[in-house]
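Student: Once you've had a glance at the structure underneath, I'll fire off some questions.
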Amino acid sequence: MNLQFAQYGKITPDGLIDVGAGDFPLQMKNSDGTGIDLVEENGLGAGVIRFAPGKGVQSHIHEGDHILKVEKGHGWLTYDKEKHRMHPGFVYFVKGNVPHAIHAETELTLFVVGNNYRPMDSEERMTPI
């Protein structure tokens, strides 16, 4: 696990990950989100993303497929023009090159795992549409 994450989150006594609160150190390009990259190996990677209440990321695409898991908060995922309610425990598979957007109602924290992974602050992470 990325040691930088240890400054923001912790493992609880029952073995769960507590993602904490507030901004993460990396500002995502083309997004209101902040994040931390956890791991990347041969294009497969994982990170943690956080959006403040009322913030999000506009409709965008990227090459890689990814899985989003909501750890904390509530919001909306718009995927291929359909809106889906996001809440803790929510898991969604997002295909590459399918337009999608996220809007946080409360502070919203997501774990993301995907292929063709790009660092949080990379210009190549996503293409706004």
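Student: Count, please, the residues in the stretch 59-117 that happen to be farther than 18 Å from T127 by Cα, touching an Asp or Glu at 6+ places or on another chain (Cβ under 8 Å) and not hydrophobic (A, V, I, L, M, F, W, C).
Tutor: Looking only at that region, the number is 6.
Student: I'd like the full set of residues that are part of a strand (DSSP E or B) and either in contact (Cβ under 8 Å) with a residue 40 or more places away in the chain or closer than 8 Å to M120 by Cβ (or both), limited to the stretch 17-33.
Tutor: Result: I17, L26, Q27.
Student: Within the stretch 41-53, identify whether any single residue is part of a strand (DSSP E or B) and surrounded by fewer than 16 Cβ atoms within 10 Å (Cβ to Cβ), and answer yes or no.
Tutor: Checked the stretch 41-53: at least one residue is part of a strand (DSSP E or B) and surrounded by fewer than 16 Cβ atoms within 10 Å (Cβ to Cβ).
Student: To continue, here is another question. Is it fair to say T106 is out of contact with any Phe, Trp or Tyr (no Cβ under 8 Å at 6 or more places or on another chain), β-branched (V, I, T), modelled with pLDDT of 95 or more and more than 25 Å from I129 (Cβ to Cβ)?
Tutor: When the stated conditions are applied, T106 passes them.
The values are calculated or read from the model by the stated rules, or taken from the named source; none is laboratory data. Since the model is a prediction, treat every value here as computed from it, not as a measurement. Counting neighbours? That spans all protein chains shown, and the Cβs are built from the backbone with ideal geometry, glycine included.
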